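The values are calculated or read from the model by the stated rules, or taken from the named source; none is laboratory data. Keep in mind that this is a model prediction, so the values were computed, not measured. Methodologically, a virtual Cβ is constructed for each residue, glycine included, from the backbone with ideal geometry; neighbour enumeration extends over all protein chains shown.
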Ligand code: FE2
């Protein structure tokens, strides 16, 4: 079976093609802005590039629309104007369509690409921060952010101190040496990042030290909750997914924590960490059925794992 996946929850418009569970193509085009994501502008971007990205994916996979059996699209969670572009584009292709959950797609492609069998999945991105594990046919949420996603926190703080985005924080943090005390907010198994962003943005210390301290604090919070969830869920593997999973410092901290607990650590290659169409195609091919509409607030733990 050949399944095409369409991703359009936030910045990225992506089209992936899978045959069975093999990725044949994974093309994308991302909306970039200096002041953070403006949903209607992102949607405008997606509408402008959707045909070209789709054609590029068909060419890369060396197939035509006639070869496609199923079209999967990201039904949520995500920004409504962006989700609508993906759904409408999927419908315009006049094939059987299936709306799938974006968070679950990240986890499933992560498992596939790393051969993680039954991990505790840590999904960290701009809009999402969730620690989940499969228990009785659902990815149960063991811990999550109470305010903004960790990637959004990095982006906000970066802009507040005159940098472009969260990736710049990672680069700058490598030169930092002095740890500056910042708010560390863990509530039970949940996390909050807004206070950290506000406090760090007000400090007048060297940018390298602020970037270093911000990153250490945010990732320590996340690693602490992950460690407790690992014990609680009685899992032996950790799978890191989402755009922020590409951060090398986070990978290292998780690796150290896992080694201490005798757990295996997995992270897919960068192409499959961030939002991509291949993960939507892969989940579509697994689930075969799903939503016919968008569901902007669709939670990970609402999806029954029937595959
Ligand atoms: Fe995502």
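Counting the residues of the stretch 235-257 that are part of a helix (DSSP H, G or I) and either closer than 20 Å to residue 112 by Cα or in contact (Cβ under 8 Å) with a residue 40 or more places away in the chain (or both) gives 10.
Among the strands (runs of 3 or more DSSP E) confined to the stretch 7-117, the ones with at least 1 residues that are farther than 13 Å from residue 277 by Cβ, in contact with a helix residue (DSSP H, G or I) (Cβ under 8 Å, 6 or more places away or on another chain) and within 16 Å of the ligand (Cβ to nearest atom) are located at 70-76, 97-101. Go through (1) touching a strand residue (DSSP E or B) at 6+ places or on another chain (Cβ under 6 Å); (2) more than 15 Å from the ligand (Cβ to nearest atom); (3) over 25 Å from residue 146 (Cα atoms); (4) part of a helix (DSSP H, G or I) and name the single condition residue 283 misses. With respect to (1) touching a strand residue (DSSP E or B) at 6+ places or on another chain (Cβ under 6 Å); (2) more than 15 Å from the ligand (Cβ to nearest atom); (3) over 25 Å from residue 146 (Cα atoms); (4) part of a helix (DSSP H, G or I), residue 283 is out only on (2). Here is the figure for the stretch 123-138: residues that are within 14 Å of the ligand (Cβ to nearest atom) and crowded, with 23+ Cβ neighbours inside 10 Å total 8. Looking across the stretch 58-77 at every residue that is touching a strand residue (DSSP E or B) at 6+ places or on another chain (Cβ under 9 Å) and surrounded by fewer than 17 Cβ atoms within 10 Å (Cβ to Cβ), the one that is farthest from residue 297 (Cα to Cα) is identified as 62.
Yes or no, residue by residue, for (1) over 20 Å from residue 126 (Cβ atoms); (2) more than 16 Å from the ligand (Cβ to nearest atom):
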| position | (1), (2) |
| --- | --- |
| 225 | no, yes |
| 229 | yes, yes |
| 232 | yes, yes |
| 235 | yes, yes |
| 240 | no, no |
| 270 | no, no |
| 277 | no, no |
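Are any of the residues in the stretch 256-263 crowded, with 24+ Cβ neighbours inside 10 Å and either at pLDDT 95 or above or within 14 Å of residue 23 (Cβ to Cβ) (or both)? Scanning the stretch 256-263, I find no residue that is crowded, with 24+ Cβ neighbours inside 10 Å and either at pLDDT 95 or above or within 14 Å of residue 23 (Cβ to Cβ) (or both), so the answer is no.
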